[in-house]
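The values are calculated or read from the model by the stated rules, or taken from the named source; none is laboratory data. Given the structure is predicted, the values throughout are model-derived calculations rather than measurements. Don't worry about glycine lacking a Cβ; one is built from the backbone with ideal geometry, like all the others, and counts go over all protein chains shown. For the accessible areas, the whole protein counts, side chains as well, though only heavy atoms, and no ligand, DNA or RNA atoms are used. Shrake-Rupley method; radii C 1.70, N 1.55, O 1.52, S 1.80 Å.
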Amino acid sequence: MNGLRGELNGILAIWYRELKVFQREKSRIVASIASPVLWLVIFGGGLGSSVSIEGMSYQTFIFPGILAQSVLFSSIFFGVYIVWDRKIDFLKEVLVAPITRSSMFMGKVVGGATDSMIQSCVLLAIGAGMEKAGMLPGLHIGIGGMAWMLLILLLTAISMVSIGLIIGSYMESPEGFQLISSFLLFPLFFLSGALFPIGRLPAWLAPLTIIDPLTYSVDGLRNVILGSSQFHLAHDIGIIGTVSVLLIFAGTAAFERMKL
Amino acid sequence: MPVIETSGLTKKYGEFLALDRLNLKVDEGEVLGLLGPNGAGKTTTLLMLTTLLKPTAGTARVNGFDIIKEPGKVRQSIGIVFQDPSSDDILTGYENLKLHGMLYSMPPALRERRIGEVLELVELSDRKDSRVRQYSGGMRRRLELARGLMHHPRILFLDEPTLGLDPQSREYIWGYIHNLARQEKVTVIITSHYMEEVDRLCTRLAIIDEGAVVALDTPANLKRVIGGDVVSLRLRRNRDGMFSHLDFVRKAETKGGMTYLTVVNASERLPEILRAAGMDAVSVEVHSPTLNDVFFHYTGKEIREGSGEGSWGERSITYSGKR
Ligand SMILES: Nc1ncnc2c1ncn2[C@@H]1O[C@H](COP(=O)(O)OP(=O)(O)O)[C@@H](O)[C@H]1O
Ligand SMILES: [Mg+2]
């Protein structure tokens, strides 16, 4: 091992590869942008004609939630690529290289988070464009809150990519991954309040929304983009930040025990 | 000092003993072959020596580092070409090599120079910017050979380097291995179940069967053990003691309808052998001892060639576009 520099090079190497793959997989990029836009237009627009929340159109209200959703789905799904790496035996090339498992994990996290951040930026641009066109009145996507938005999105991506990679490190087949991750994805998504204010949920669900980390991503984004929220921004960021650090440790441990 | 030294290296998969107390020393500059049929334990041995698999018992030192206690240092000093393709087929050949250089912390200038050199060695320079998905099985194997060499490992492990390749690609690969063993001053460990391959490339051979080394020597010495040429006879009828009166016949064995005699200077003795067989002889063939004979001598079995489960060639087609 080459010490810290060697580990950094290892992280860079894996990042380099993930970027190349992302760049080549055009269909993946298109799908990851198209599906949240469809949610916004069809789900948001369809319901939006009859519902308004806190004086906002429903479409405007769910924009932050859709943003968080797109990060959630694409980040967790990123974990399937470790299963794929094992399947195509590329994993052996990485495992036999002189880098530690934590560098390997970090390289993957950085790679997956980059994909999700690129996608988020495109969605933010689309949101800003729709607001200009008068389709999403009340949306604030400006330079002012940008740093906070990106920070929330990045921490969310890091957490969710870690979850995906942890699942992936245990799975032998992409089908198995799909099954397990969907068990996790939908509760995380629906309990986060992405589609409705969590205050309107039945009381017995309240504890579950509190332990869903995505709740704080949605709340933080809503705070910055819509100017309305349940919790303080620092509270949201603090929780997501803590969760992402914990998940990085958990993921490193999962990779440490991962076999060929 | 040997560059590899294993002591009681053992691997069990559950109750199944895949490798049984291997003790082996390899000196610098050797091209050592591990010859054995499918399932003999060759890949298992390599995966342990390259730290990807934990031994059940025993250990080994590779380049002076213990495979259990210092796996990182072992990995830094070795290169390996796996039995199955392990490059990323969505990347180009060049990108796979660049990635490799980065994983091994090669300074960028050295990395680029080495990429050029190794691509030249395996004659892929003109295809370096094609996606690996478009490579043939042989080209892909050459790329991975280049990759295994790129970071100047002191030991290069090759797991069935020509499994599943067509004869022409196989010749190419043999040529490269032969050259690099001399040019790059690297110790090479080759596993194979192709007799011809290890016979041509290796300075020393370990014959492995069912997880144990049954013989270890130079190919020439191993063949000397047979003690003569091999005469294979097809007989209409096999009478007991048919050749027992011929004192130059060292050994007579019948297997699968063929009779095999071990004879010194067989070509000169052929008339006498045919006289003994008389009207029962259908055909006769004389050959110098091969490693196949050696393997048969030690294990009573034949290595069936070309029966590996490797997936070079067809694999790039199977997975293309399914990512
Ligand atoms: N992961 C595994 N689990 C169980 N058995 C295995 C595993 N890998 C290999 N084996 C068994 O161990 C034996 C040796 O395998 P291997 O080392 O791949 O042989 P070779 O490379 O000589 O063909 C075989 O019988 C094989 O079926
Ligand atoms: Mg094998």
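Structure data summary
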{"item": "Neighbours by Cβ (under 7 Å, 6+ apart or cross-chain): first from segment B:180-193, touching a residue at least 24 places away in the same chain (Cβ under 8 Å); second within 13 Å of ligand 2 (Cβ to nearest atom) and among the charged types (D, E, K, R)", "result": "B:191/B:42; B:191/B:159; B:191/B:160; B:192/B:160"}
{"item": "Candidate set: segment B:117-140, residues that are outside any helix (DSSP H, G or I) and of a type in the set (A, V, I, L, M); chosen: the one modelled with the lowest pLDDT", "result": "B:122"}
{"item": "Every residue from segment B:102-135 that is without any contact (Cβ under 8 Å) to a residue 12 or more places away in the chain and within 7 Å of chain A (Cβ to nearest Cβ)", "result": "B:102, B:103, B:105"}
{"item": "Residue A:85 vs. criteria on the phi > 0 side of the Ramachandran plot and within 14 Å of chain B (Cβ to nearest Cβ)", "result": "no"}
{"item": "Qualifying position, being within 16 Å of ligand 2 (Cβ to nearest atom) and either closer than 20 Å to residue B:186 by Cα or not hydrophobic (A, V, I, L, M, F, W, C) (or both), among B:3, B:81", "result": "B:81"}
{"item": "Residue identified as more than 13 Å from ligand 2 (Cβ to nearest atom) and touching a residue at least 40 places away in the same chain (Cβ under 8 Å) among B:51, B:10, B:45", "result": "B:10"}
{"item": "Cβ pairs under 7 Å, 6+ apart, first in segment B:78-101 and of a type in the set (Phe, Trp, Tyr), second open to solvent by less than 10 Å² (accessible area, probe 1.4 Å)", "result": "B:82/B:159; B:94/B:115"}
{"item": "Pair list, Cβ < 6 Å and 6+ apart or interchain, from segment B:206-221 residues that are outside any strand (DSSP E or B) to residues that are small (Gly, Ala, Ser)", "result": "B:211/B:18; B:211/B:41"}
{"item": "Extreme residue, nearest to the other protein chains (Cβ to nearest Cβ), among residues of segment B:18-30 that are assigned to a strand (DSSP E or B) and more than 16 Å from ligand 2 (Cβ to nearest atom)", "result": "B:26"}
{"item": "Hits in segment B:77-88 - residues which are of a type outside the set (Ser, Thr, Tyr) and more than 7 Å from chain A (Cβ to nearest Cβ)", "result": "B:78, B:79, B:81, B:83"}
{"item": "Residue within segment B:189-202 that is over 11 Å from the mean Cα position of the chain (by Cα) and either open to solvent by less than 10 Å² (accessible area, probe 1.4 Å) or more than 14 Å from ligand 1 (Cβ to nearest atom) (or both) present", "result": "no"}
{"item": "Condition broken by residue B:218, with the remaining ones in (1) open to solvent by less than 40 Å² (accessible area, probe 1.4 Å); (2) in contact with a Lys or Arg (Cβ under 6 Å, 6 or more places away or on another chain); (3) not aromatic (Phe, Trp, Tyr) satisfied", "result": "(1)"}
{"item": "Members of segment B:43-65 that are open to solvent by less than 10 Å² (accessible area, probe 1.4 Å) and either of a type outside the set (A, V, I, L, M) or more than 14 Å from every other protein chain (Cβ to nearest Cβ) (or both)", "result": "B:45, B:50, B:60"}
{"item": "Failed item in (1) more than 15 Å from residue A:118 (Cβ to Cβ); (2) among the small types (Gly, Ala, Ser); (3) assigned to a helix (DSSP H, G or I), with residue A:32 passing the rest", "result": "(1)"}
{"item": "Set A:57, A:49, A:32: member being more than 14 Å from every other protein chain (Cβ to nearest Cβ) and more than 27 Å from residue A:188 (Cβ to Cβ)", "result": "A:49"}
{"item": "Some residue of segment B:256-266 being open to solvent by 70 Å² or more (accessible area, probe 1.4 Å) and either of a type in the set (Lys, Arg) or not in a loop (DSSP other than H, G, I, E, B) (or both)", "result": "no"}
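Yes or no, residue by residue, for (1) open to solvent by 20 Å² or more (accessible area, probe 1.4 Å); (2) touching a Phe, Trp or Tyr at 6+ places or on another chain (Cβ under 8 Å); (3) modelled with pLDDT of 95 or more:
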| residue | (1), (2), (3) |
| --- | --- |
| A:91 | no, no, yes |
| A:97 | no, yes, yes |
| A:107 | no, yes, yes |
| A:114 | yes, yes, yes |
| A:134 | yes, no, no |
| A:139 | no, yes, no |
| A:144 | yes, no, no |
| A:151 | yes, no, yes |
| A:154 | yes, no, yes |
